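For reference, the structure discussed in these notes is given below.
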Amino acid sequence: LAWYMQACNDESDKEIIREVVIAGLLYTAKIQHGDGSFDQAYPNEKSFGATGFLLPDLIKAYLSVKDSCDERKKERIEECLQRASGFLCRHAEQHGLISNHLAGAALGLFMAEDFFQDKKYGQKGRKLLDSVLYNQSSEGWFPEYGGADPGYQTLCMHYLVQIYKLLPSSELKNALQCSLEFLQYFLHPDGSFGGEYGSRRTEVYYPGGIALLADEFSLAAVMHRFMRDSIEHATTVTLIDIDMGNTAPLLSSTILSLGARCMEMPESTLPFQQDQLCESFPQAGIAVYATRRYYALVGASNGGVLKIFDKQTKKLVEDDCGSLAETQRGKWISTQATCLDNPLNIKNNIFNCESKFYSMSRAKTTPANYLGLRLINLTVMRIGFLNELVKKLMVFWLIEAGKPEPLMRKRSIHFLPESVEINDYYMRTGRLKLKRLWQAGKFNAIHMASSRYYSGNFQAITYEPLD
């Protein structure tokens, strides 16, 4: 709204929007916890990530209306911003290493340092940024719950690039360059981006960060041009496809990309445009292979996920997100579980990988468990260490791989010039009786934010149960 207010030419509309922005800031201060935090998913969550994400946008919005606020409103809003900054200085995220959360909080703290002229905010921001850069893989990816996830990495870039523009450094520039070199492999011929081969299974592309680099990095310029066309033609997940919970960050990133300057189109190609390519990222457990006919991605770390795109038709022709089975006891198990230790051996054009089956959480909201969660939210989760303990348990139940089962799959993928041969071998390693086994199509084995959106060009590919 603050951006639209500044872009609007009608003075009467500007005045209305200005009042709405001020009212929104005052309401934000009203729902803030006393310690400066905000909730994201449930009452008394006191989310580090949500507080970190809100702070930079709240500061930007406030700066656009500050001169129109009376002293009382200024005091309330600035107190809110200061409390949020203080919360980020005093606390840390404990339930997982989530790089985009740390990057968002770092940006907010650097902006708070500039706004309040208080060095303590910048010092904590520097610590968070150092943590993000220290944990960056030598392959270029930033950890998201222990693995590489291209979708959330673009959100991480959204924040890191804004820090880079605010406080340029050679260290951060090199990190951004490495990130671009990794991300380029996950732009697909049909215009889509990311998928179930990532640790968080996301297909959302946040355009702002990469767009801001398009005037400095030729690779960013190529990626930005391609994905801008994808957004315009709705061949990737866009604002039309997502729910309200993710509208704000994607809209903010889209707005950020609108003012980007782009260098003249360089003479370079994206990986999927190459006639011959074989590239692997052993630490991430992801590999890509391309011929003149197709572009393929293998997610060995997620149980041998395989996506193949036909370059001629620009369509996804194989969308194998892993094997799925139901035991005689009604338990659901799957190969789609993030395990960076899954072996991936590449010899010439033959890829061999193997993965175990893991129990799969199929938790659904019911009146009983929802009531139970709310009672916990309103009582024991008011206590800090118990709050963090419950968060860790929820991550364990809903996101991390479950118990390994006595069944494994060995997969051999033979990439030929015009076709792909896939051979799967299933082996029991103990006592286990199956009711059904699928060579599954598109599915998601974990409960993860931002991972179940579908773009306008989505086509379901169905598979029959195996004998």
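In region 218-250, the qualifying residues are those that are without any contact (Cβ under 8 Å) to a residue 60 or more places away in the chain and of a type in the set (Gly, Ala, Ser), and the one that is surrounded by the most Cβ atoms within 10 Å (Cβ to Cβ) is Ala220.
So which residues in region 393-408 are touching a strand residue (DSSP E or B) at 6+ places or on another chain (Cβ under 7 Å) and either aromatic (Phe, Trp, Tyr) or assigned to a loop (DSSP other than H, G, I, E, B) (or both)? Result: Ala401, Gly402, Lys403.
All conditions but one from (1) open to solvent by 40 Å² or more (accessible area, probe 1.4 Å); (2) part of a helix (DSSP H, G or I); (3) farther than 15 Å from Ser47 by Cα apply to Met111; the one that does not is (1). Taking region 4-25 as the range and being at pLDDT below 95 and either surrounded by 20 or more Cβ atoms within 10 Å (Cβ to Cβ) or within 28 Å of the chain's Cα centre (by Cα) (or both) as the test, only Tyr4 passes. Number of residues in region 409-467 that are over 22 Å from the mean Cα position of the chain (by Cα), outside any strand (DSSP E or B) and modelled with pLDDT of 80 or more equals 9. Evaluated against (1) open to solvent by less than 20 Å² (accessible area, probe 1.4 Å); (2) free of Cβ contacts under 8 Å to residues at least 60 places away in the same chain; (3) touching a helix residue (DSSP H, G or I) at 6+ places or on another chain (Cβ under 9 Å); (4) of a type outside the set (D, E, K, R), Leu212 falls short on exactly one condition, (1). For region 144-195, a residue qualifies if it is open to solvent by less than 10 Å² (accessible area, probe 1.4 Å), in contact with an Asp or Glu (Cβ under 8 Å, 6 or more places away or on another chain) and among the polar types (S, T, N, Q), and exactly one does: Gln153.
Please verify whether Thr269 is closer than 15 Å to Ser450 by Cβ, open to solvent by 20 Å² or more (accessible area, probe 1.4 Å) and of a type in the set (Val, Ile, Thr), treating the condition exactly as stated. The answer is no for Thr269. Against the definition (free of Cβ contacts under 8 Å to residues at least 60 places away in the same chain, of a type outside the set (Phe, Trp, Tyr), at positive phi and open to solvent by 10 Å² or more (accessible area, probe 1.4 Å)), how does Gln117 come out, yes or no? When the stated conditions are applied, Gln117 passes them. The listed residues are Gln123, Gln153, and the only one of them that is out of contact with any strand residue (DSSP E or B) (no Cβ under 9 Å at 6 or more places or on another chain) and in a helix (DSSP H, G or I) turns out to be Gln123. Here the condition is being basic (Lys, Arg) and in contact (Cβ under 8 Å) with a residue 60 or more places away in the chain; of Lys60, Lys66, Lys46, it holds for Lys46 alone.
Among residues of region 358-399 being β-branched (Val, Ile, Thr) and over 30 Å from Thr429 (Cα atoms), the one that is least open to solvent (accessible area, probe 1.4 Å) is Val390. Restricting attention to region 311-345, the residues that are of a type in the set (D, E, K, R), outside any loop (DSSP other than H, G, I, E, B) and open to solvent by 10 Å² or more (accessible area, probe 1.4 Å) add up to 3.
Let's see how each residue does on (1) in contact with a His (Cβ under 6 Å, 6 or more places away or on another chain); (2) of a type in the set (S, T, N, Q):
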{"residue": "Phe357", "(1), (2)": "no, no"}
{"residue": "Asn369", "(1), (2)": "no, yes"}
{"residue": "Arg374", "(1), (2)": "no, no"}
{"residue": "Leu378", "(1), (2)": "no, no"}
{"residue": "Lys392", "(1), (2)": "yes, no"}
{"residue": "Leu398", "(1), (2)": "yes, no"}
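Counting only helices (runs of 4 or more DSSP H) that fall entirely inside region 167-268 and contain at least 2 residues that are more than 30 Å from Leu1 (Cβ to Cβ), the qualifying elements are 170-183, 218-232. Pairs linking a residue in region 85-114 that is among the basic types (Lys, Arg) to a residue that is surrounded by fewer than 24 Cβ atoms within 10 Å (Cβ to Cβ), with Cβ atoms under 6 Å and 6 or more positions apart or on different chains, do not occur.
Restricting attention to region 76-108, the residues that are surrounded by fewer than 24 Cβ atoms within 10 Å (Cβ to Cβ) and among the polar types (S, T, N, Q) total 2.
Thr28 meets the stated requirement of being over 21 Å from the mean Cα position of the chain (by Cα), of a type in the set (S, T, N, Q) and within 24 Å of Ala105 (Cα to Cα).
The values are calculated or read from the model by the stated rules, or taken from the named source; none is laboratory data. Keep in mind that what you see is a predicted model, and the values were worked out from it rather than measured. Note that we place each Cβ from the backbone using ideal geometry, even for glycine, and neighbour counts take in every protein chain shown. Keep in mind that these areas ignore ligands, DNA and RNA; they rest on the heavy atoms of the full protein, side chains included. Shrake-Rupley method; radii C 1.70, N 1.55, O 1.52, S 1.80 Å.
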